[in-house]
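Engineer: This is the structure I have questions about; it appears just below.
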Amino acid sequence: MKTIDIIGAGIAGLTMAIALEQKGFKTRVFEQTESIKPLGAGIILANNAMQVYKALGIQKTIEEKGNYISSLNITNTNLKALSKINLASFEHKFGVKNIAIHRGILQQILMNQLPSYSLKLNHKLEKITKTSNGHTLDFKTGKTIQSSTLIAADGLNSIVRQQLFSQTNIRNAKQICWRGTTDYSLPIKYQHELNEAWGKSDRFGFVQIAKNKVYWYALKSYKRNKKELDLNNIKNYFSEYSTIIQDIISSTNKEQIHTADISDLNPNNHWYKENVCLIGDAAHAITPNMGQGACQAIEDAYTLSECLTKYQKNIAFKEFQNLRLKKVLQLVKKSWIIGKIAHLSNPFLISLRNKIIKLTPASINKKQFNQIFKVSHL
Ligand SMILES: Cc1cc2nc3c(=O)[nH]c(=O)nc-3n(C[C@H](O)[C@H](O)[C@H](O)COP(=O)(O)OP(=O)(O)OC[C@H]3O[C@@H](n4cnc5c(N)ncnc54)[C@H](O)[C@@H]3O)c2cc1C
């Protein structure tokens, strides 16, 4: 049986290993952390990601543990809709729903799919060196392993990308994101919707991930330095937003709010080299403005597993990039622009933006989502 090595047990690495094991490969997934600790946040698995999980046989488990979302809404600060994307037609067309779920629960579901030999925790890759028939992997523990086929799913700051590939710039969007989950009972009308309220240089999104459990995220721009923003002031930053939003913030244990800088990878087409292929954020990190980063990583995993089943690895990697590149780079670019538009600060431009969003015909939004939800190979 052919062994394929994977660096990183995030959503990309775990999904990659599941897809490969199902196709008869043996996998070794090397993860730097000692245990997979759940981040106190949720995630939205859009229709395209759920199609992949359906093909991998885990759709039902994810649906049972999460909450379906049938409408994606952009609103003003008072939760008045500027645009509403009804997902019913996509649910019908592709046979799956968009699911909001706690990240920790998703990670557990994915790990449960793997055979016990696959996941190798406490394996931080420090050095990768080319040999005549593959690569030598040197881990922090002093262990050394030979690898003939390597998939790097080690995220935005990928050490594999840094050591083997030409430099790709990380772009900082100058936005801070706070994420949290809270025990909160949303009014019924919001229970199967994602609502993202846009204000002035900031926005707030919330979604139910299980009964009486809400995941929320709040983003705010800074001018020069992220130290301009302080989590202790979060209630003040969103004091002009709807009382529901203020209640969600107040009900959250501050100790469990996660803070992240928003960045992506400058669009590039260097995803593979000899025996090594990058997937997920390691290849094409996307700003979270379209909720597609993990979904694209999941699509990568499935497509690459199909290519490795059909072709020798060097052809498989090339074919994988051919199949995925156009869609992914369009999303990276679009998502970056949406992040800028969402954080306008000029009142005139904000008013113009909101009018344009309201006037955008549903058919245009529908066409766009159709392209996002269509998965090659499914
Ligand atoms: C605020 C926010 C909200 C988001 N919301 C959504 C959403 O709703 N839907 C969506 O689809 N996407 C969303 N995303 C994007 C999504 O989180 C990422 O695209 C996704 O997690 C990337 O998965 P990955 O496995 O490629 O990388 P990562 O999640 O970064 O995983 C990389 C793994 O590799 C390990 N690793 C790193 N270096 C090493 C090393 N040297 N040796 C061994 N292991 C290593 C890490 O510990 C980690 O486990 C969001 C992102 C942000 C910032």
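The values are calculated or read from the model by the stated rules, or taken from the named source; none is laboratory data. Quick caveat: nothing in here was measured; it's all calculated off a predicted structure. Please note: Cβ atoms are built from the backbone with ideal geometry, for glycine as well, and neighbour counts cover all protein chains shown.
Engineer: If you take the residues in the range 250-276 that are within 20 Å of residue 187 (Cα to Cα) and either of a type in the set (Asp, Glu) or in contact (Cβ under 8 Å) with a residue 40 or more places away in the chain (or both), which one is surrounded by the fewest Cβ atoms within 10 Å (Cβ to Cβ)?
Structural biologist: 251
Each row is one residue, and each column tells you yes or no for (1) more than 14 Å from the ligand (Cβ to nearest atom); (2) in contact with a Ser or Thr (Cβ under 9 Å, 6 or more places away or on another chain); (3) assigned to a loop (DSSP other than H, G, I, E, B).
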{"position": "52", "(1), (2), (3)": "no, yes, no"}
{"position": "74", "(1), (2), (3)": "yes, yes, no"}
{"position": "93", "(1), (2), (3)": "yes, no, no"}
{"position": "104", "(1), (2), (3)": "no, no, no"}
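Engineer: May I pose another question? Can you confirm whether residue 304 is crowded, with 22+ Cβ neighbours inside 10 Å, within 19 Å of residue 7 (Cα to Cα), touching a strand residue (DSSP E or B) at 6+ places or on another chain (Cβ under 6 Å) and in contact (Cβ under 8 Å) with a residue 40 or more places away in the chain?
Structural biologist: So residue 304 does not fit the description; no.
Engineer: Hey, another quick one. As an exercise: evaluate residue 299 against (1) more than 13 Å from the chain's Cα centre (by Cα); (2) more than 9 Å from the ligand (Cβ to nearest atom) and give the number of the one condition it does not meet.
Structural biologist: (1)
Engineer: Out of the residues in the range 1-16 that are closer than 16 Å to residue 307 by Cβ and buried (at least 17 other Cβ atoms within 10 Å of the Cβ), state the one that is nearest to the chain's Cα centre (by Cα). Can you show your working first?
Structural biologist: First, pick out the residues of the range 1-16 that are closer than 16 Å to residue 307 by Cβ: 2, 4, 6, 12, 15-16.
Right, trim to buried (at least 17 other Cβ atoms within 10 Å of the Cβ) and you get 4, 6, 12, 15-16.
Working: 4: 23, 6: 18, 12: 9, 15: 13, 16: 14 Å.
The selected residue is 12.
Engineer: On the basis of being modelled with pLDDT of 95 or more and either under 30 Å from residue 240 (Cβ atoms) or of a type in the set (Val, Ile, Thr) (or both), does residue 127 make the cut?
Structural biologist: Judged against the criteria, residue 127 is not a match.
Engineer: Restricting to the range 126-160, name every residue that is under 20 Å from residue 308 (Cβ atoms), within 10 Å of the ligand (Cβ to nearest atom) and not hydrophobic (A, V, I, L, M, F, W, C).
Structural biologist: 154, 158, listed by residue number.
Engineer: Also, quick follow-up: Just to be sure, is residue 354 under 17 Å from residue 198 (Cα atoms) and of a type in the set (S, T, N, Q)?
Structural biologist: yes
Engineer: Determine, yes or no, whether residue 207 is assigned to a strand (DSSP E or B), touching a residue at least 40 places away in the same chain (Cβ under 8 Å) and more than 27 Å from residue 347 (Cβ to Cβ).
Structural biologist: yes
Engineer: Let me ask another. Do you know which residues across the range 13-41 are closer than 22 Å to residue 134 by Cα and within 7 Å of the ligand (Cβ to nearest atom)?
Structural biologist: Hits for the range 13-41 are 13, 30, 31, 32.
Engineer: Name every residue in the range 213-227 that is without any contact (Cβ under 8 Å) to a residue 40 or more places away in the chain and surrounded by 12 or more Cβ atoms within 10 Å (Cβ to Cβ), in order of residue number.
Structural biologist: Listed by number, the residues that qualify are 214, 216.
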